[in-house]
Structure formats: C-alpha cells, structure tokens
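Worksheet: the structure to be examined is printed underneath.
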Amino acid sequence: MPLVSMNEFLPKAKANKFAVGQFNMNNLEFAQAITEAAIEEKSPFIFGVSEGALKYMGIEYTVAIAKAAAEKSGLPIALHLDHGSTFDVAMKCIRAGFSSVMFDGSHHSFEDNIRLTKEVVKAARAMGVSVEGELGTIGGVEDDLSVDEADASLAKPEEAIRFYEETGVDCLAIAVGTAHGMYKGEVKIHYDIIKAVVSQIPVPVVLHGGSGVPDEMIREAIQAGVGKINVNTENQVACTAAIREVLNKDANVIDPRKYLTPARNAMKAVVQEKIRLFGSSNQA
C-alpha cells in the first residue's frame, strides 16, 4: 500500500472517538518497531519526522524506509513532517514523497501564523498532502525545539476556531497543557479548551507531548476530541535503556545487532501499548 495522507484515517478517528498515534522515526530500528507493532494491532499510524531527524537520516533514506514499511505492512501509513519551520522545508518534504506535513507557525504572530499556514495548505492540498497547524506554544524539549515552560502559552478557543476557518488545516495542534519530553511536574490537560474547539470545527485536535501522560488523561482527551497523539520520548527512553542494559552486562559486545534488537523489541512494546490505549487497534 502506498503512503497516504492523514485524511485517510483522521476523519474516522474523530467520528469514532479514537486517536491515531504519531510515532517519531529516528532510524531504521524505530521504523521497524513501530511498523511491527501496528501490523500486530491492525492499526493506522503516522511516522513523525522532525527536521533534526531528517538531517540525521537523510530525506531519501527517510522516504525509502517509510515506503518500504507501507508496502510491507499494507497499513494506511502517513509520512509526516513534524514541526516544519518554513514553507520551503514543507515543500521539500512533499516533493521527496512525504504524504503529510506540519507547519509550526506558533512562534510567529497569530496573523502571520494564519497567513503562512494558508500558503502551505494551498500548495499541499494541490498535491493531495494533509497539513497540521499549531496554535499556542507547547513547552518542553524535543529534538531542536526548546521552549521554557514559563514561556508556554495555552491556545485560546476563539483563536483556534478562527485559525481553522481561515487556513483549512486537516488537524490542529493546540497547546492545552502537555509538554514535549518527559514531565518534571504534574500533568494538567485543559479538556475545556479541547471541547470548546472540537465542537466548532470538523477536524480533530492534536495532542503533542503524549509521552508520560497518565493513561486516564489520554482516554479523557480522546473523548474530548483529540484524534492524533504524538509519542517520541517514551520510545527513546525504552530504546536507550535496552541498549544500556546489554552493554552494562557485557562490555565485549560490539555487534550492533546484539543491542539494537532488544532496543527494537522494547520500542515495539511501547508502541503496542499506546495503540491499544489510543483505541486504534483494528481500525486499519
């Protein structure tokens, strides 16, 4: 099956109250773990690729790995640029074969964010590519992004509704209290903001910073109208812990397969658990 846009499954997720996971692809083992978990769960999913990961893997390798996963699995898989910073980066990814892009204009003024996102939507739609926008500022650290939690700002429902109406994005990431990375303090999700926005727009809300959020809070967010949830840090933690365990046991291990196989298995277990929690099993 070829790579698909998020519109292949997000409308169904919103209608049926489940969420599709975006799991970031950082190398081959991440891609294999995510795909194997989704095959067993019969779930659609999204490969998230940050600009940092693109630099690390190379855009050609990234697209080739995602296409191989889609063909092997037969699942609806979107290859999605995560936190794209410019129109040019988004267009480069689309030309290379990405089926979905995020334009993150949250660091611009509200009006400029609308204007720039509209440009990305117009170009992407002509290519059959889905677009995610972002409103408000999500705190924490992920990849090259670092936002002090004091500088994080919640999205205003009225602005989110207007943002959707003017841009026509296919899903909307709004800052509702989650953070990138693992949490240092207590998680507080503002479900009232999610409900206020979702009741007025036809597309789902995206929850960034899904790692480390208690399961019950995730379930409540999905019921409120979240249809896409991003997970990266928990996979990174599981991957690195498994590698450390192998190398700490035997300093003579030099074959990467000896520690990358347990790392891949650990990530697969994380992804399966998230897919079940999000309710996307058997939705492919």
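The values are calculated or read from the model by the stated rules, or taken from the named source; none is laboratory data. Keep in mind it's a predicted model, so treat the numbers as computed, not measured. Positions of Cβ are generated from backbone atoms using ideal geometry, with glycine treated the same way; all protein chains shown enter the neighbour counts. Heavy atoms of the whole protein, side chains included, go into the accessibility calculation; ligands, DNA and RNA do not. Shrake-Rupley method; radii C 1.70, N 1.55, O 1.52, S 1.80 Å.
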Reported set for region 48-65 where residues are of a type outside the set (A, V, I, L, M) and over 15 Å from the mean Cα position of the chain (by Cα) is LYS55, TYR56, GLY58, GLU60, TYR61, THR62
What is the residue count in region 222-245 for residues that are farther than 13 Å from PHE23 by Cβ and either touching a residue at least 24 places away in the same chain (Cβ under 8 Å) or among the aliphatic types (A, V, I, L, M) (or both)? 10
Count, please, the residues in region 226-256 that happen to be under 21 Å from GLN32 (Cα atoms), loosely packed, with under 15 Cβ neighbours inside 10 Å and of a type in the set (Val, Ile, Thr). 1
Hits in region 205-217 (condition: over 16 Å from GLY48 (Cβ atoms) and crowded, with 21+ Cβ neighbours inside 10 Å): VAL205, VAL213
Applying the selection to region 261-276, what residues are closer than 15 Å to THR233 by Cβ, surrounded by fewer than 23 Cβ atoms within 10 Å (Cβ to Cβ) and not acidic (Asp, Glu)? ALA266, VAL270
Residues being free of Cβ contacts under 8 Å to residues at least 60 places away in the same chain and either open to solvent by less than 10 Å² (accessible area, probe 1.4 Å) or under 17 Å from the mean Cα position of the chain (by Cα) (or both) - total across region 168-188: 10
